[in-house]
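Encoded as structure tokens, the structure appears first; notes follow it.
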Amino acid sequence: LAQARFRFCVGRELGQTHSAWMNCCGSRGAERLLPPSKDSDFDLLVISGFAKAAKSGVLHTNPEAIQRRFLSGTLGIVAQFLDTQHVATRPADPVDAFDFTKVDEAQRLGMVPVSLNGDQNAAGLIAVLAPTSPIATNHMLLVPSCEQLLPHILTEELLLSGLQILAKSGRHDLRLTFDSPTAGASVNHFHWQGFYLNQCGVLGSRLPIEKVDRSLVAGAITEGKTCAEMLVEAQWHCRGFVLSAGCAPGTPGEAPPADLGALASLASRMLQLLQRSDTPHSVILVPAQERRRKQTSSPATGMAHEAEAKPNAISPEVYVLPRQGDGNLRPEPEICTRALDLAGVITTHSEDAFRGLAEDTVRDIIQNDVSMPEVPFGNLIC
């Protein structure tokens, strides 16, 4: 474990060191160079397909009836509640139980092609499904190679499939989430959950967790590099990492796209470390939205100082949240604790909890029952 502990952080190999200064790879003060957010063919497939599924009567809940409110405080957390939604939640399935090949035909919104391992000639298909109990309008399930019944374990190839879905969307507010077994996943058949934040009560196309400052662990988002940052603990109730990538070597332009393969490889190395130690985890994929400032680096060391300025890539981000398992939750918690909840859009289990929920309650539950404790988390980065 010690040998593998920081292998995912290739920035260390390029001479970067841990630093307390904020947002080296973050998006604060950035130029906006991406096109405006708008529906792509993929987004239109989801929107039209979800509407048809809702009209068919196959959905158990009506997301239009969800109640939402902002919690008082500084974090911008959204609480939501829909009566009966917790009743429809599927319990953890044993082997040979439900899988997504068994969904109703009306839940099938379409198929989306992606390339495998970055090879445009090796095509794969992702099934786009409507969940029976959506927690937002246009809530989707994305199941790569559905008929293969892939286990619910996030691999490098599956990470790349999720990043490619983000690239197919024209919407800045699309987020994909993953919860490992014992971290909220209820079906042992690999799937991403997808949400449009504008339909989750979130303002500004950013989750509350995305507004948290980060400290640099290692790396950069310039050519040929990858970057790992850590959420500033004083600003959020869940410990976690934010991963991004520079462009592939030789990519031209002042605003080059990130190397998705390098980002998937970086994230998968961290996830393999967690998987080997049976550490539950939640993952959030965030599309690139802004161009970050140029970083100045030395060709010899990669350290920031006066040298040739290289453009930062426009990179998606992968949030990795190591956590405690479901078994550590207190009896009858007031809130759900899946990836979207940890990011600041919290589903409550009752209307009373919805009405009475406060930031302090959220902090207490997530810090004590969900977030990875300080010592094991520290062991991941030292």
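Only the coordinates and a few stated rules stand behind these numbers; no lab work does. Bear in mind that the values here come from a model prediction, so they are computed numbers and not experimental data. Every residue, glycine as well, gets a Cβ built from its backbone with ideal geometry; the counts of neighbours run over all protein chains shown.
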Calculate the dipole size of the stretch 176-294 relative to its Cα centre from +1 charges on Lys and Arg beta carbons and -1 charges on Asp and Glu beta carbons; express the result in debye to the nearest 20.
180 debye
Computed on Cα atoms, Rg of the stretch 186-248 relative to 2.2 N^0.38 Å comes out at 1.41
Taking only the Cα positions of the stretch 147-232, the convex hull volume per residue in Å³ is 159 Å³
Sort 262-273, 178-189 by the packing proxy (mean of other Cβ within 10 Å over each peptide's residues), most packed first.
262-273, 178-189
Quick one: divide the alpha-carbon radius of gyration of the stretch 315-381 by 2.2 N^0.38 Å and tell me what you get.
1.21
Step through the table entries Lys102/Lys168; Lys168/Lys211; Lys55/Lys211; Lys52/Lys225, compare each Cα-Cα distance with 32 Å, and write down the pairs that go over it.
Lys55/Lys211; Lys52/Lys225
